[in-house]
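Participant: Handing you a structure now.
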Amino acid sequence: MLQELLPLETRHQVISRSAITNDRLIMGRRRRPSLFLTEALWLLVLLVAVVPIRISGQSKGNFRGQTERPLRYQPQGTDFVIENGKEFFNRPLYGTNTAFRVDAGDRPEFVLYLPGRGGNLRLAIKTAAGQKWLFDAERVVARYRPGSMLYEIHDPLLGSGKLSLAVLPMSTTEGLVLRAELQHPSAPVELVWAYGGSSGERGRRDGDIGTEQVPMSQFFQLKPEFCRGNMFAIEGNTFTLRSKPATIIGLAPPDSQLTIVDATHWASLDKLLASAGAASDFPLVLGRVAIGNGAPLHLGFQRVSQTSDDRGELDTYLAVRKEQAGPGGGPAVNLPPAYTVEDLPRVFEAAEYQRRALAEKVVADTPDPFINAAVAALSVSGDSVWDEPQGAFMHGAVAWRSKLLGWRGPYVGDALGWHDRARRHFDYWTTRQNTEPISSSSPLPDASVNFARNEPALHTNGDMSKSHYDMNVVYIDALFRHFLWTGDLDFARKVWPAIERHLAWERRLFRRPFGAKGLPLYEAYTVIWASDDLQYHGGGVTHSTAYNYYHNRMAAKLAKLLGADATPYDREAQLIAQAMRQELWLQNRGWFAEWRDLLGLRLAHPNAALWTFYHTLDSEVPTSFEAWQMSRFVDTQIAHIPVHGPGVPVGDYHTLPTTSWMPYTWSTNNVAPAYM
């Protein structure tokens, strides 16, 4: 064939939008998805420990000789450790399986996220020799111990002393609990802290790295105007902050002195302390307490219920998430009453107990410290995308914390043993499936988007998400794997009609005949995470066809167990397997093509993507020998970008771009191991 005669370097896919015929569904575009820690554990941890080197303000590209990056975080047991790091607000801490979180970082400053800004917390030390914010201390060792942050602080103001901080999200309600301990001080020391700025501002995507106009270390810094309208009521060593987005109860150690200060002096600790008691339109609360040798002090910041709580989703998310109405699933969160100061040691221990239970859910003991640390982080990360009030897995934990049906997050439920959560998630979406009668006429594409979508056809019997994606496929894939994990035939019987409607929907909308026998390949209509800029112009695509092969095989097996007719599913799986071998397998190459064109010369495109490799293997299409042949495609035809630089362990570490296609567009050729 023509494309097989061309040199490999000339056969890169060209991405372009096309005109559409009325009987086809062509993808639209989606906003950038959030990242999620997944299977590539050791590589992911190695990469997130690296910072880009900048030349004249510009990031280096991934060019030969320019790929060195210093390792920032070192694994120690399950901890990720950095000394005198520079980042703020790059370590989210989750506690309650709601949208609330605490953002910490390399330096000890914290922001509560409600969602929306819930206030910044800074800490300082004050001695007879002077005073200093802790983030300016001479030496700060920060440890991300999955689910918490630990800080070891040394400074001339402490003499030979060491100040230790442990920060956790509360486990049974939305809040932050902090424990401070000072060992071997050379002179009396006061612990000083300042808090405020509950404005509810959310940003473009709730603090997703790279989506705001400035980096997160700047985006979440407090500005005085965030404090406007905040009202503090101080009573002894406790306070109440009332603001439009939230009511926060503050709990300080006994003998603490609390006062109101002026946020316009936030940048200067000296001026902030001097403003104590002065009237201000931008109030903060400031606390001071003596911290002794070895005696722990606890601080607590707890959100309590108020009638004006706003837990709605950003318009960006709602534009994509438009599922059918169904029972339950509301975002309401019932918060318990406020704790007392005396409760804080118990609250801290309960939060640490929950953190350890999560981090130790799966334990890795290997010669590779990166894998050992990453597995603990994976469990915490997996827990973070579960939303308990709504009974569903979210698309992301920071950005895109939204009930998007598709993509691979829900697999974490069964993989980490939360089979009850997985069932609730699957149950939620079956109640949203479209069950309206199927029209005999084919809806026309949408003129409002220049005929680039056909949502009227998409939103017919069998559809679940009512979005402009085929989000059904990954849901069904995770559902079948749930049955393999659990063997739950009662649940399988309950959702069997939803499976049948889905498979009929896929055949009706995306099945395409190829070759003289009209064998079926399936269109990829925004069916995987990379769908932002993927377009196959209605052709038969390997990854979407592989999904449908596996789903029909599994439906046939399940039908036999349930006493239903397995024949149509067995037959469809056989036809798909024939079509993939005849139309997509490149015998003289040893791998599946990315896709075959529907129109024109019906060419097969041999330059496959990384997702074509792993989705096809996941779907059990190739034989063992074919799988090995496909792995050689990855070894020889996909760039291997070295991971090396100061502090990086010696070894042949590398990462892979998702494709070698040009020109660069979002999602099609990212270097993003979290998507593998």
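The values are calculated or read from the model by the stated rules, or taken from the named source; none is laboratory data. From a predicted model like this one, the values you see are computed outputs, not experimental measurements. Glycine also receives a Cβ, built like all others from the backbone with ideal geometry; neighbour counts cover every protein chain displayed. When the accessible area is computed, the model is the full protein with side chains, heavy atoms only, and any ligands, DNA or RNA have been set aside. Shrake-Rupley method; radii C 1.70, N 1.55, O 1.52, S 1.80 Å.
Participant: Please find, among 563, 600, 647, the residue that is modelled with pLDDT under 95 and over 26 Å from residue 61 (Cα atoms).
Facilitator: Going through 563, 600, 647 in turn, just one is modelled with pLDDT under 95 and over 26 Å from residue 61 (Cα atoms): 600.
Participant: Here are some conditions: (1) farther than 27 Å from residue 663 by Cα; (2) within 29 Å of the chain's Cα centre (by Cα). Residue 530 meets all but one. Which one does it not meet?
Facilitator: Evaluating residue 530 over (1) farther than 27 Å from residue 663 by Cα; (2) within 29 Å of the chain's Cα centre (by Cα) leaves (1) as the failure.
Participant: Ok, one more. Select from region 575-597 the residues that are among the basic types (Lys, Arg) and either farther than 13 Å from residue 621 by Cβ or part of a loop (DSSP other than H, G, I, E, B) (or both) and write down the one among them that is modelled with the lowest pLDDT.
Facilitator: Across region 575-597, the extreme among qualifying residues is 589.
Participant: Please give the number of the condition residue 630 fails out of (1) open to solvent by 30 Å² or more (accessible area, probe 1.4 Å); (2) without any contact (Cβ under 8 Å) to a residue 60 or more places away in the chain; (3) in contact with a helix residue (DSSP H, G or I) (Cβ under 8 Å, 6 or more places away or on another chain).
Facilitator: Among (1) open to solvent by 30 Å² or more (accessible area, probe 1.4 Å); (2) without any contact (Cβ under 8 Å) to a residue 60 or more places away in the chain; (3) in contact with a helix residue (DSSP H, G or I) (Cβ under 8 Å, 6 or more places away or on another chain), residue 630 violates only (1).
Participant: Would you check which residues across region 441-466 are among the polar types (S, T, N, Q) and at pLDDT 85 or above and list them?
Facilitator: Within region 441-466, 460, 461, 465 qualify.
Participant: Could you check region 69-81 and list, in sequence order, the residues that are over 18 Å from residue 655 (Cβ atoms) and under 23 Å from the mean Cα position of the chain (by Cα)?
Facilitator: Passing the criteria: 74, 78, 79, 80, 81.
Participant: Assess whether residue 67 counts as being over 30 Å from residue 309 (Cα atoms) and open to solvent by 10 Å² or more (accessible area, probe 1.4 Å).
Facilitator: yes
Participant: Yes or no: region 635-644 includes at least one residue that is under 30 Å from residue 367 (Cα atoms), in contact with a helix residue (DSSP H, G or I) (Cβ under 6 Å, 6 or more places away or on another chain) and surrounded by fewer than 17 Cβ atoms within 10 Å (Cβ to Cβ).
Facilitator: No, region 635-644 contains no residue that is under 30 Å from residue 367 (Cα atoms), in contact with a helix residue (DSSP H, G or I) (Cβ under 6 Å, 6 or more places away or on another chain) and surrounded by fewer than 17 Cβ atoms within 10 Å (Cβ to Cβ).
Participant: Does residue 246 fit the bill of being open to solvent by 40 Å² or more (accessible area, probe 1.4 Å) and either of a type in the set (A, V, I, L, M, F, W, C) or under 20 Å from residue 110 (Cβ atoms) (or both)?
Facilitator: no
Participant: Would you confirm whether or not region 351-361 contains a residue that is open to solvent by 70 Å² or more (accessible area, probe 1.4 Å) and assigned to a loop (DSSP other than H, G, I, E, B)?
Facilitator: The answer is yes; a qualifying residue exists.
Participant: Quick one: how many residues across region 422-447 are under 16 Å from residue 503 (Cα atoms), open to solvent by 20 Å² or more (accessible area, probe 1.4 Å) and part of a helix (DSSP H, G or I)?
Facilitator: Selection size over region 422-447: 1.
Participant: Mind checking which residues of region 498-521 are within 31 Å of the chain's Cα centre (by Cα) and either open to solvent by less than 10 Å² (accessible area, probe 1.4 Å) or over 17 Å from residue 543 (Cβ atoms) (or both)?
Facilitator: 498, 499, 500, 501, 502, 503, 505, 506, 510
Participant: Let me ask you something else. Please find, among 626, 620, the residue that is modelled with pLDDT of 95 or more, assigned to a loop (DSSP other than H, G, I, E, B) and within 25 Å of residue 522 (Cβ to Cβ).
Facilitator: 620
Participant: Only one of (1) open to solvent by 10 Å² or more (accessible area, probe 1.4 Å); (2) over 24 Å from residue 480 (Cα atoms) is not met by residue 399, so which one is it?
Facilitator: (1)
Participant: Hey, another quick one. May I ask you to verify whether residue 470 is surrounded by fewer than 24 Cβ atoms within 10 Å (Cβ to Cβ) and among the acidic types (Asp, Glu)?
Facilitator: no
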